Every structure is written in C-alpha cells, then in structure tokens.
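**Student:** I'd like to ask some things about the structure below.
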Amino acid sequence: MSPLRPRPDQPARRPVLPERPALEGLEEKWSVRWEQAGTYHFDRTAPREAVFAIDTPPPTVSGSLHVGHVFSYTHADTIARYQRMQGREVFYPIGWDDNGLPTERRVQNYFGVRCDPSITEDSGPPDRAGRRGSEPPVPVSRPTFVALCHQLTAEDEGAFEALFRRLGLSVDWRHTYTTISDRAVRASQRAFLRLLRSGHAYSTEAPTLWDVDFQTAVSQAELEERPLPGAYHRLRFPLLGPADRPLPLSPPDPAGPAVEIETTRPELLAACVALVCHPDDPRYQPLVGQLVATPLFGVPVPVVAHPLADPEKGSGIAMVCTFGDTTDVVWWRELALPTRTLVGRDGRLQPAPFGSPGWESLDPAGAQRAYAELQGRRPEAARRRIAELLAEAGYLVGEPRPITHPVKFYERGERPLEIVSSRQWYVRTLPLRQRLLERGRELRWHPPHMRHRYEAWVEGLSSDWNISRQRFFGVPFPVWYPLDDEGQPDHDHPLVPPEEALPVDPSVDTPPGYRPEQRGRPGGFVGDPDVMDTWATSSLTPQIAGGWEDDPELFGRVFPMHLRPQAHEIIRTWLFSTVVRAELEHRSLPWSDVAISGWVLDPDRKKMSKSKGNVVTPLDLLERLGTDAVRYWAASGRPGVDTAFDEAQMKVGRRLAIKVLNASRFALGRLADEGAETLPGPEAVRHPLDLAMLAELGEVVREATAAFEAFDYARALERTEAFFWRFCDDYLELVKARAYGEPGATTPDPEASRSARAALGLALSILLRLLAPFQPFVTEEVWSWWHDQDASIHRAPWPRLEELPVAAREASAADGQGTLALASWVLGAIRRAKTDARRSMRSPVAQAVVRHRPEALAALDPALADLREAGAVLELRTEALPDGQEPAVAVELAELSEP
RNA sequence: GGGCGCAUAGCUCAGUUGGUCAGAGCGCAGCCUUCACACGGCUGAGGCCACAGGUUCGAGUCCUGUUGCGCCCA
C-alpha cells in the first residue's frame, strides 16, 4: 500500500482563494494543463513491479457515442487514478477499433458507395455532396473504398478523442493505437503466422455460417437467435425398401406407402441427403437402412439413426439437407452423408443437375421440371412455391402448421443465415477448452459471478473459431497460394512471408520466390482474398498496445497486464478471444483482473438504443451539467450492475462538486487566517472534537482504500461522500467560530483555533484526494489553490492513516458515542427545536440541557463551547442520567425580542 | 430447457462474514434570504425488507420452494 516509487513532494502553501469559485470552464482549463504537464504520461523506465497496466476497450469508432461509453470508461478511469495515486506507474493506453464490417457499412451509407473488387482503376471517391439517398450506391475499387474507410475513421476517432478528453480520462494519449494501423496489422499477421506454423491455425473447406447480404462468413460468437414465424410442412417420402434391393425404374407413387416427416424448410428438399430418426425410436427402427424417395425429385435417400434426432419433435423423424441448420452439419459430418449444395453465396437456389452423378433420381425429367420452378429464388419465395408443388402432387399432408421458432442471424444482419460450403481460416479452440476453463478460474473477476458467463461460453463451444471474413477493410491474411499448371490454387501449401516483411497485403505484395507478373498466372501465385475477423485483431490489444516484439523493453514491463475493464456482453467475444491468444502465444493470462461494467438502461429499465430514440448525447450532458457531475453518476453504478440513466443523480454529483468548492473555500480561508508561512501541521490538532472528526475520517480512508483494492469504486465513493456531507453539515458548523478565532467568541483560545484550522486543512487534503478519482476537475482546481503550480492532485499520494495525528489514529471506533457524534446529536436537537418554532437557525437559545449517561457527557464536554457558538445557546448545561433512561436534549428558545 | 443475476420507503439504490440493519440520496411537505455555499441550509412524513416454508435463542441477511423481472446459453 505504500508508494512504490518516489514522487515529487507536494507541500501545501498559503492558500490563495478565488472570489467566487465556479465549475464552469474547469474542464477546458485542466485538460489543457494536464496535457502540457504530461500528468498522465507513463514512465516507461518504471520497473515492472511498479506498473499497473490497463487493457482499455478500443471503442468501435463507426458506432455512436453514447452514455454507455461515459459510464464504463469512467469506472476504469477511477481505478486508474486510484492506482496512480497509490504510487503505481499506470500504463493506460487507448485504441480505436476501426477495422471491419461496421466501418465498411458506415462508409457505404455515408458516401453512398459499394466496394467492387473487380474494378481495378477508378477516378477515386465520388463527391460526397452529390450523394442522394435514393440513388444506387456507386461501385468503387477496393483501394478507393479502403481509402474512404481510413478517411472516415480518422474523423470519427477525432470525435471520440474529444469526448474522452472532455470526460477527463487519464489515458496516456501518446500510446493511442488503431486496429487497422500498420502496428496492429503487423501484430495480427505475426500472431497468425505463428499459429499457422504451430498448427493452431488451419484452413479448410467446410460448411460455414454465411450472411447472404454481407457475403461473408460469420463466427459462432457473432450469432444471434431471433424468433421468426415459420411453418411445419408435413411431407410424404415414398418407401423404396431395403438399400440392397434394386431401385424401381419408375417414379414413385405419391399415394403409396410412405414415411411422413415435418420440416420448416421444404425449399431445401432437393438438398435432402437422408432421413434421420432416434436410434431407440421403435416407430422408425425398422426403417433404418431402407431407402425412401424425396417427393417431387425422386432422389433415393437412406433412413439413418442418430441420437440428436428428437422423437418429440414433429413426427419424430427429420430430413437432413445440406445444409438447413447446424444440426444438419453435425449429421452430415458424423454420418458421412453426401453433399448436395443448393443455396449459393448470394442466398439464391442455384442449379441442381438431376440425373447426373450425385443427383441420381428415379425421375430426372420430373425433378428438373419441379426444380425449374425454384431455381434462382430466395428461400422464402421458393418455400411458398414448393409448398404449392407438393400439395398439387399429393406429397403435402394437411396444411402447413404455423409456428414461431428461433432462427440464427448474424448479429448485424437482416436475413437469416444460410450455411454454405467455403474455404475458411480457423483457430483450433476446441482442443483448448479445458485449458481455457482453468485460465478462467485463475482470472480474478469483478464481480465474481461474471465468470459463469465465460465458463458457459467455453463449455458450449461447438466449432473452432472461424477468423476469416470475406470483406475488404480489415487485416489481410499474410498468405498466398501457388497456382498449378491449370491455374488452380494449392490451398494445402500456402506461401508465407518472413516476419520481417510484415505487414503485407497479398493482393499487392509478391510472395518470396515469385515475380509480380506471375500473379494469377498458371504456375504463379494468387493472394488470399480474405481479411481477418475484427476479433482476431482486437484479441491482441494487450500485445498491440504493449509493443509486442516491436518494443520488447516496454512489453516486458506491461505484459501480462493487470486490468481488463469491459462490458458483459462481450465476454464471449473480446474477453474470450484475448484469453485464447495470450494462451497460444504466451502461455499466460493476458491480465490478472477483469472488471465488468453493466449497461446503461433508460428510466424504464430498457437497454438504451437508437431505435427507441432514448439515447442522450454525452457531450451535451457534459457541457450542461459538468464532467464531474456526470462522472459521479457513472461511478455510483456498482461494478457489473446495469444502471438506469438518471439525470437527477448527475445533479447530485453537481451539487457535490459545488459543495467541494465552497467548503474548500471556507476551510482554506481559515487556514489562511493562521498567518504568513506557518501552516499548522497534524501535530497542531489537539482538540478532542477535531481528533474525533479525524478518527472518523481515518475509518473512511480505510474503507475507501479497501474498496478500491477490490475494484469497488462505487463503495469508495459512497463512503467518502457520506462522510463529506457530515463533515460539511455538522463539523464545519461546529468549529466555525473557533476556526475564525473571532474576538467575540465566548471562549477565545488561540491553541483551540489553531487545532481547528489544522484539522480543517488536513481533513480537506484527505477528502480532496479521496474524491479525486471521481471528480478530477474540481479537486484539481481546489488543490491548485494551495499547492504549487506543477503539483497535481492526481500525482499526490493516496491518503494514508499515518498522515493523521497519533491521537486520532488511536481513537477507538466511537460507535456513536464519540465527541463528534454526540455533538452532532445535540446540534440536531437544537436545530429541530428552532425548525419546530419556525425560527431562524441564528435565533438564540435561552437554555439547553443535555441529559445523558456520565461517560457520554464526559465525551461531549470538550465540544460544549463549540455547541454554544454553533447553536447560539446562551446557557448549555448537562445532567447525568441514570442507566435505562432515554438520553435527551431539552431546548428552550429565547423570547423573541422586537428590534 | 439449462445457467446467472435482481426483487428493501413514490423513485434510484446501500445494507461485506446472521444479533442498534430497517438506512442514504432524490422526490415530496414545512421552515430558514446564517458573514463557505440560494447552483444553498435546516427539519419532517414514508417500508409487514416479493411470497411461502425451514435452520437458529435470534434472519432483508443462511437453506428450500413459489412468483415476477432482466441477461446469457441451448
């Protein structure tokens, strides 16, 4: 807990106070000074033991700025500031996530363009001003498109940086990175090449979840299920008998013996490769091993058994198509079924050559006729048409039965995902599961229960991590393929560059051993056209920010990092993938602690979203209420807990900041009264009331420190704030007269005055530092009133109990019977009496009698003089009370005297 | 269907290992133009701690179940 590194001492000087302190303008003033002074600069010479490194989320800059950013980034910032004040060198970089689909989409909409890689030359980007919403997008070349992406992300990043500076984040802006920068590309490609070499990355042609609009593969982590209306179609499959019997030569009879199945995707009937039932299902056991014919198409398919077939669902026997859903993929793989690809990458039904090998049919001509009605249609349209055809031919039993069922979508997509076969790059995560679970248990989670989300995800992994995307604005795979004599790529023997050559763009650069003119020629080479999934890059943020391989000295000091702050909805993506990469590359955790923030909900407890129109622009809030006010609200949200957006709570924070200004002005004014150069130190605090106040403050320091050590910023704030208000409402009022040391005071006593002033100075110093992580602007402002110009409160040491006078440290926990608590109680009684009589607080009290137990009266005794002043009590007496009687204060107001 | 979390004053939430734990703030009502603060201050009313059992001398606090809400996964 003691400072690990020496730090410039920050001696207090005689305060210089402003006439009328205000919050307005503090953000501009101090963010400029901090930048000039390098207040938050990371000292890269600090030894590793002194470093506290934070792996800050790089926000998606193409997304919108919203209060959620303000919320969660403030949480991390309070911890960063606490650690810095504890003497640790805080490595607090920030990045912008600018690569990938979100940016592409924003660029498409913003400029009205679409990327067409087949265009090799164009005249550059179209004039943005000429764009009309109704006009079709202008096709542009890939280089032009990428240039537009860079241009727009640069603008967006400026807006984010302005917001985060305004928010007072104590990041080191010299360590900013972006996920599309050369540094990030190099790190991503290097890590990929190493995975490739170690066998943890591989490419294969496999059924892949595919978004037909974005024309790209989608990973398990990007899936989302949405309820969609559908319908069960009950179809008759004519029985053909055992597989070893010769097939009939004529089309099956729709009215003959048949087995009935139910399906929500009849349009995939032509891709049916089997029927599947549960192995223990007595109804269908006899059929296993027999053949049936697909309706309309007359394709003989076997009946097979597999435990995933649900006897409760539909008729208890299902058709397997290549591919209707992920279960089909499992059946296809585990039962070694053939492939009949139907859905193309554009989402339309492609030609099906019935009668040719792989498409054998009992009635090729009829099959062709039927399929001609479907070919080229999208699944929804084909579904309607085939239902009609099936009904006409007598294969449809009854009417389709409408249902609502969950359908898989790409989380950003608008149409259901299809499953197509394509070549993709994967990282082997499945064999890693056990190891990843162990890592998850090593990691310290705040709050702890968030670990369950990670475990559930790891345990539920069903496929390796697909990291390739068929997009444009991303990190290219640093891979080429040799072309054989027919110009076909050899995917099994990829060509890779040496690490020193990174970053590379295989669509521009030439692989080692080849000449540029060999590109695309037989015997030459071709570049891998894909880019990496965004998560494949952002899973390396600790490495990218920490200078992995580029800056080994820095990396050795900051990695593994200490804290990953993030929101809970990206545990399965960002957190998970970062753990995977650190494990594979470094055999370690990427960080020791993870702090999960909740969401910001609107006042109706719904997640804030643009579509609901309930999004508040954060900049407006910060300008209207002040940064410290908004940060106060954010810091009030407990770790991991969803929190309602609440402007009233921000106003409370604003009141707190204003109170800090005014209370400071009072306390420091009294300190200044002490005279020229001799500011009294802690040893000058002698008065029991002052010592009692400091003793309570010591308890607050203890609790706030413990809370911060547990990453519970909200508790630290709550304890500090509660004490601060009591300090202002009661203690300041009680010592006011004594601190002024006015000659008119009932009991002028220079040493008692000096004690009050010293206590005010010490308490204020500690309180300001306790509040500094939450309200960095107002606390810095007040700090500057009585500290040298180059001394920032944000580099001042976190309060320690050793700062308190010994007598305050030794004061026992007073449990409501301490001098301050008793004095507050008496003061409250006096106030109540005046309020009941509708008198001003200044109106005099003729007589007040405190009745309490003797020990309590003894503790109260030193505060009686202060109470007389604070309550304007002419005569204040105490009377001992026998045990068992209720303590009380009898207050008798003075007669109103007409002026 | 499985998992996790939450249910405490009108609202937002504290209540850390069971024994002054029935609290805070906001809002509301009333009062006070006090020399740090009217971007104030003081005072006050308000709750069978979701429901039903159980453990215990004693339970918002532990256990079981129920209900409602939210999220994650299938």
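**Student:** May I have the pair-distance distribution P(r) for the stretch A:228-416, computed from all Cα-Cα distances with 5 Å bins from 0 and rounded to whole percent?
**Tutor:** 1, 8, 17, 22, 23, 17, 9, 3, 1, 0, 0
**Student:** Now, a different point. Run the dipole for chain A about the Cα centre, Lys and Arg Cβ at +1, Asp and Glu Cβ at -1, nothing else charged, and hand back the magnitude in debye, nearest 20.
**Tutor:** 700 debye
**Student:** When only DSSP loop residues count, what chymotrypsin sites (Phe, Trp or Tyr not before Pro) in the stretch A:187-263 have their Cβ near at most 12 other Cβ atoms within 10 Å? Spell out each step's value before the answer.
**Tutor:** On the way: sites: A:Phe192, A:Tyr202, A:Trp210, A:Phe214, A:Tyr232; in loops: A:Phe214.
Taking the stretch A:187-263 and a limit of 12 other Cβ atoms within 10 Å, no loop chymotrypsin sites (Phe, Trp or Tyr not before Pro) are found.
**Student:** So how far, in whole Å, is the C-alpha centre of the stretch A:640-695 from the one of the stretch A:59-107?
**Tutor:** So the separation of the two Cα centres works out to 31 Å.
**Student:** Based on Cα positions only, what radius of gyration and what Dmax would you give for the stretch A:1-100, in angstroms?
**Tutor:** My reading of the Cα-based Rg and Dmax gives 17.0, 56 Å.
**Student:** What is the count of Lys pairs in chain A whose alpha carbons sit under 25 Å apart, if the two are 8 or more places apart or on different chains?
**Tutor:** 15
**Student:** Order of A:421-429, A:469-477 by packing, highest average Cβ count within 10 Å first?
**Tutor:** Result, highest mean Cβ count within 10 Å first: A:469-477, A:421-429.
**Student:** Which is farthest toward the positive dipole end of chain A among A:Thr404, A:Ala37, A:Pro799, measuring Cα position about the Cα centre, with Cβ charges +1 (Lys, Arg) and -1 (Asp, Glu)?
**Tutor:** So the residue we want is A:Thr404.
**Student:** By per-residue mean of other Cβ atoms within 10 Å, what is the highest-first order of A:828-840, A:530-542, A:798-810?
**Tutor:** Values: A:828-840: 14.3, A:530-542: 26.7, A:798-810: 17.3.
Highest-to-lowest ranking by the protection proxy: A:530-542, A:798-810, A:828-840.
**Student:** If you place +1 on the Cβ of every Lys and Arg, -1 on the Cβ of every Asp and Glu, and leave all else neutral, what size is the dipole of the stretch A:824-899 about its Cα centre, to the nearest 20 Debye?
**Tutor:** It works out to roughly 300 debye.
**Student:** In square angstrom, rounded to the nearest 10, how much accessible surface does A:Arg702 have for a 1.4 Å probe?
**Tutor:** Rounded to the nearest 10, that gives 120 Å².
**Student:** Turning to a different aspect of this structure: Express the C-alpha Rg of the stretch A:412-466 as a ratio against the empirical globular expectation 2.2 N^0.38 Å, rounded to two decimals.
**Tutor:** 1.48
**Student:** Could you calculate, for the stretch A:379-492, the ratio of the Cα radius of gyration to the Kirkwood radius, expressed as Rg to Rh? Display every interim value, and only then the final one.
**Tutor:** On the way: Rg = 22.4 Å, Rh = 19.8 Å.
Using only Cα positions, Rg/Rh for the stretch A:379-492 is 1.13.
**Student:** Take the Cβ-Cβ distance between A:Asp642 and A:Arg838 as r, set R0 to 45 Å, and report the resulting FRET efficiency rounded to the nearest 0.05.
**Tutor:** Between A:Asp642 and A:Arg838 the formula returns 0.50.
**Student:** Additional query: Once you have a ≥ b ≥ c as the square roots of the Cα gyration tensor eigenvalues for the stretch A:225-309, tell me rounded if a/c is under 1.5, and otherwise prolate or oblate according to whether a/b is larger than b/c.
**Tutor:** oblate
**Student:** List the residues whose amide H sits under 5 Å from the amide H of A:Gly95, counting only those 5 or more places along or on another chain, with H placed 1.01 Å from N in the peptide plane.
**Tutor:** A:Tyr177
**Student:** Now for a separate question. Take every Cα pair under 8 Å in chain A that's 6+ residues apart, average their separations, divide by the length, and report that relative contact order as a whole percent.
**Tutor:** Details: 1661 pairs, mean separation 131.8, N = 899.
Relative contact order here is 15 percent.
**Student:** May I pose another question? Report the Cα centroid-to-centroid distance between the stretch A:22-41 and the stretch A:340-371 in angstrom, as an integer.
**Tutor:** Here the two parts' Cα centres lie 69 Å apart.
**Student:** Related question: Could you give the distance between the Cα centres of the stretch A:230-298 and the stretch A:498-568, to the whole Å?
**Tutor:** 50 Å
**Student:** Based on the mean of other Cβ atoms within 10 Å per residue, sort peptides A:26-32, A:692-698, A:223-229 so the most packed one is first.
**Tutor:** A:692-698, A:26-32, A:223-229
**Student:** Now for a different question. Compute, for the stretch A:367-507, the length of the dipole vector about the Cα centre, with Cβ point charges of +1 (Lys, Arg) and -1 (Asp, Glu) only. Units Debye, rounded to 20.
**Tutor:** The calculation lands at about 940 debye.
**Student:** Right, something else. Suppose we keep just the alpha-carbon trace of chain A; what are its Rg and Dmax in angstrom?
**Tutor:** 36.5, 123
**Student:** Restricting attention to the alpha-carbon atoms of the stretch A:824-899, what are Rg (one decimal) and Dmax (integer), both in Å?
**Tutor:** In Å, with Rg to one decimal and Dmax whole: 12.6, 45.
**Student:** Scan chain A and note any complete DSSP helix (H) whose C-alpha atoms cover at least 30 Å along its axis and whose Kyte-Doolittle average is -0.5 or more.
**Tutor:** Flagged H segments are A:142-166, A:647-673, A:688-709, A:750-771.
**Student:** Of the beta bridges DSSP finds with both residues in the stretch A:824-899, what % are antiparallel, to the nearest 5?
**Tutor:** 50 percent
**Student:** Something else: For A:Asp172, what accessible area in Å² do you get when you roll a 1.4 Å probe over the heavy atoms of the protein chains, rounding to the nearest 10?
**Tutor:** Around 0 Å² of this residue is reachable by solvent.
The values are calculated or read from the model by the stated rules, or taken from the named source; none is laboratory data. Predicted, not measured: the structure shown is a model, and the values here were computed from it. Quick reminder, even Gly has a Cβ in these numbers, built from the backbone with ideal geometry, and neighbours come from all protein chains shown. When the accessible area is computed, the model is the full protein with side chains, heavy atoms only, and any ligands, DNA or RNA have been set aside. Shrake-Rupley method; radii C 1.70, N 1.55, O 1.52, S 1.80 Å.
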